[in-house]
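Written out below as structure tokens is the structure these notes cover.
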Amino acid sequence: MKNRFFCVGLVCLALVGCASGPIARQIQNSFPMNKDFDIAWQAVIETFAEMNLPIMNMEKVSGLITTDWIKQDDPQASDCGKMGVLSYGVGRRVKFNVFVKKVGDTSEIKVNAMFEVLVKRYGIETIGMSPCYSTGKFERQIYDLVSAKIK
């Protein structure tokens with residue numbers, strides 16, 4: 001009887017032990033732009049349009065643009081941890097905001113991204129959304145696209 005409980009305990013520990021949480025990283029999400037605010041703002045708007053990003057809020061006075069949730073399937077853009085044997089992530093999404101800020105005669109953009117993954121268990125039961133951490137890839141991609149427009 002003791003052996004049976006011990007074996008069941010080991011199996012449970014092995015199944016749970018396979019899972020690990022996401023790891024927060026230090027990423028660059030603030031980027032200097034060598035152009036004035038209006039030029040940087042226009043480049044950000046054009047980037048959103050080209051990427052077909054759903055703008056939820058846009059306010060030039062504050063320099064803020066926010067998106068709604070967007071399907072994001074690049075596994076290298078976020079760290080969602082390692083799921084256990086019985087659960088797995090079925091879809092990542094991102095919601096982000098971009099701040100365009102005046103800095104003297106130039107400007108700066110700051111990209112804040114929030115990622116999540118939908119977790120399912122046994123292939124059918126939805127557990128819910130689990131937060132993920134950005135790897136900085138998405139923020140750099142936005143900066144590179146905006147930067148290319150103002151050169």
Residue check for Met129: touching a Pro at 6+ places or on another chain (Cβ under 8 Å) and surrounded by fewer than 20 Cβ atoms within 10 Å (Cβ to Cβ): no
Complete set of residues in segment 21-53 that are surrounded by 11 or more Cβ atoms within 10 Å (Cβ to Cβ), without any contact (Cβ under 8 Å) to a residue 24 or more places away in the chain and not in a helix (DSSP H, G or I): Leu53
From the options Glu139, Glu108, residue that is at pLDDT 85 or above, more than 12 Å from the chain's Cα centre (by Cα) and among the acidic types (Asp, Glu): Glu108
Residues of segment 95-151 satisfying the condition of being charged (D, E, K, R), farther than 17 Å from Ala43 by Cα and assigned to a strand (DSSP E or B): Lys95, Glu116, Lys120, Arg121, Glu125
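The values are calculated or read from the model by the stated rules, or taken from the named source; none is laboratory data. Note that this is a predicted model, so its numbers are computed, not measured. We place every Cβ from the backbone using ideal geometry, glycine too, and count neighbours over all the protein chains shown.
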